[in-house]
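The values are calculated or read from the model by the stated rules, or taken from the named source; none is laboratory data. Predicted model, so just to flag it, every value in this text is computed and none were measured. A quick note on method: Cβ atoms are made from the backbone with ideal geometry, for glycine too, and the neighbour counts reach across all protein chains shown. In case anyone asks, the SASA skips ligands and DNA or RNA and just uses the protein heavy atoms, side chains included. Shrake-Rupley method; radii C 1.70, N 1.55, O 1.52, S 1.80 Å.
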Amino acid sequence: MTSSEGTVTVSDVINAHFSVLTRAEKQLAATLLDNYPVSGLGSITTVAENAGVSTPTVARMVQKLGFRGFPDFQQRLHQELEATISNPISKHDRWAANAPGAHILNRFADTTINNLRASLAQLETAEFDGAAAMIADRKRNIYLVGGRITGALADYFFTHLQVIRSGVTRIAANSSSWPHYVLDMRKGDVLILFDIRRYEQEMETLARIARDRGVEIILFTDQWGSPVAKSARRVFRIQIEAPSAWDSSVIILFAVEALIEAVQSSIWDETRDRMKTLENLFDSTRLFRRPL
């Protein structure tokens, strides 16, 4: 098993083994994933009772997943939970305690390259293409929202999509105004949502309400997975660890820019016309300095 700092989570392991589990084990696995990771943090008896299976079923399944036993399984869950709720101070202290002697530029470069490789290894091209097709579908309106930090990524994505196609809305940061946006959402519309660790409770509520209205959700999250994933149609799980008190958004931005290119290429005729019109507007307003 890979450490909790690696690329594989317990939920990844459960999903990878799901097809070979017995009926009782699949019932247990579904219960564990439904409220992950909290559902696996009780005693083995409590976990069994909550899933409606026997205690030996729990013991057999965790060993089938590759753990030495239930305590080993729970230790991994606790490590993941600790990682997802880490505040910037504790995160900095953890990195500082194990910091190598290399310059911070080299450490960041190495981490970014590793994050990119690990994220691409988990990202299926069909999932990427499906998300691009949803965003390019002009019958759908597109809404974007981000959190305290990831709001900047939502802004960046919105600015480009607004040029590429019509019907794109950036949802305001103030969650009290969100019902007004949901009011205009229609079945088949797309909500692009950014939510990484220290997950924001309002995001889960917005996603659930939007999903209930038939809205398709595309989620950008971290390797552990925001609770919003339960409501999402497409999920981009990106490695965000960095040798810093803060998480890294580099690979999330990479995925966003790749999607921008995929969408604009698929509807280039419309995008080109919009760009021409926009450039004429820029010229008429003299927004940008023209070359001499």
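Residues that are open to solvent by less than 40 Å² (accessible area, probe 1.4 Å), in a loop (DSSP other than H, G, I, E, B) and touching a residue at least 60 places away in the same chain (Cβ under 8 Å) within the range 230-242 comprise 239, 240, 241, 242, listed in sequence order. Name the single residue, out of those in the range 243-292 being in a loop (DSSP other than H, G, I, E, B) and open to solvent by 90 Å² or more (accessible area, probe 1.4 Å), that is modelled with the lowest pLDDT. Among them, the one singled out is 292. Sub-6 Å Cβ pairs linking a first residue in the range 107-123 that is under 11 Å from residue 254 (Cβ atoms) to a second residue that is open to solvent by less than 40 Å² (accessible area, probe 1.4 Å), at least 6 apart or interchain, are 115/239; 115/251; 116/251; 119/238; 119/239; 119/251, ordered by first then second residue. Of the residues making up the range 193-224, those that are part of a helix (DSSP H, G or I), under 26 Å from residue 79 (Cβ atoms) and polar (S, T, N, Q) number 1.
If only one of 194, 128 is under 22 Å from residue 250 (Cβ atoms) and in contact with a Gly (Cβ under 8 Å, 6 or more places away or on another chain), which one is it? Being under 22 Å from residue 250 (Cβ atoms) and in contact with a Gly (Cβ under 8 Å, 6 or more places away or on another chain) holds for just one of 194, 128, which is 194. Here residue 169 passes the criteria (1) touching an Asp or Glu at 6+ places or on another chain (Cβ under 9 Å); (2) under 30 Å from residue 103 (Cβ atoms) except the one numbered (2). The number of residues in the range 164-177 that are hydrophobic (A, V, I, L, M, F, W, C) and modelled with pLDDT of 95 or more comes to 3. Listed by position, the helices (runs of 4 or more DSSP H) contained in the range 98-175 that have at least 3 residues being outside the structural domain of residue 235 (by the TED database), open to solvent by less than 70 Å² (accessible area, probe 1.4 Å) and among the aromatic types (Phe, Trp, Tyr) form an empty set. Scan the range 183-209 for residues that are within 20 Å of residue 148 (Cα to Cα) and touching a residue at least 12 places away in the same chain (Cβ under 8 Å) and the total you get is 16.
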